[in-house]
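Computed from the coordinates by the stated procedures, all read-outs in this text should not be read as laboratory data. Worth saying up front: this structure is predicted, and the values here are computed from it rather than measured.
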Amino acid sequence: MKAHRKFFLFLFFMTLGIPPAVSQELLTNRTFDSGIEGWMTRGVGPGTIAWDSTQGQPPGSLRFPDFDQVAITEACFNPQVGIYTLSTDAYLETSGEFLECLINFVLYLEPDCSGEGSPIIDVVGGGGLFPRVTAPNTWQHLEFAFPIGQDTLDQSGILGIRPLLTKLGDFPPQDACLYDNVSLMYTPLSATEVPDLGSAGLTILAALLGFTGTFVLHRRFSS
């Protein structure tokens, strides 16, 4: 975790009267220096992800060369009360075609992430809840903090989660989304310490409660 992000989290927790907890990195192959081992694609598009040895921060990145694609970790994580922060450097390589590069989480009702899974539904006005690349042909840093309280676990039935890297659009395929330096940090908190994120948090919770019947990408993520 970058130093400025650690300091921000420290101030955030102090403002809430919460002692800062020790965060844990959950991912192994995060930087794609020599390959994309530990990552796979499921259920969307042609199922093609590739290693790019020339692009990256520094070079070595995960590349989506085809249309409507996703990448998820082979590892399945069992959610606990706390905050899961997904971040990455991302690059939208385009000559003008419509495509989007964005991050999300896939949620499962099984602890081994088997069966059907769904991304969190993006129902905030304008579809702007989840970070996405906003400027073409330049590296940008994306970050999304996902708070999970005990009520969320009890009411939604979620037992497994995976980070999700996405490429939407680009048909016929000519352009690419690239990702590098992916991080999934878990910050444990007690049930009473998970911060209230207001209307955005309530929107996420509403999406979680209904995720089993609706899929934002109109596909299924199954193992």
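Some notes on this structure:
- Residue 159 long-range amide H proximity, modeled H, under 5 Å: 108, 109, 110
- Prolate/oblate/rounded label for the range 133-177 (Cα gyration tensor, a/c 1.5): prolate
- With all projection directions averaged, the alpha carbon convex hull of the range 54-190 covers 9.0 nm².
- Database remark: amide H of residue 39 closer than 5 angstrom to the amide H of 74 (H placed geometrically; neighbours at sequence offset of 5 or more, or on other chains; Pro and chain starts carry no H).
- ³J(HN,Hα) computed for each position of the range 181-192 - Karplus, 6.51 cos²θ - 1.76 cosθ + 1.60, integer Hz, glycine/proline x: 6, 6, 9, 10, 9, 10, 10, x, 9, 6, 4, 8
- Amide H contacts for residue 60 (H built 1.01 Å from N in the peptide plane; partners 5 or more residues away or on another chain; cut-off under 5 Å): 54, 55.
- Length gained on full extension, residue 78 to residue 40: 11.8 nm, using 0.36 nm per residue less the C-alpha separation.
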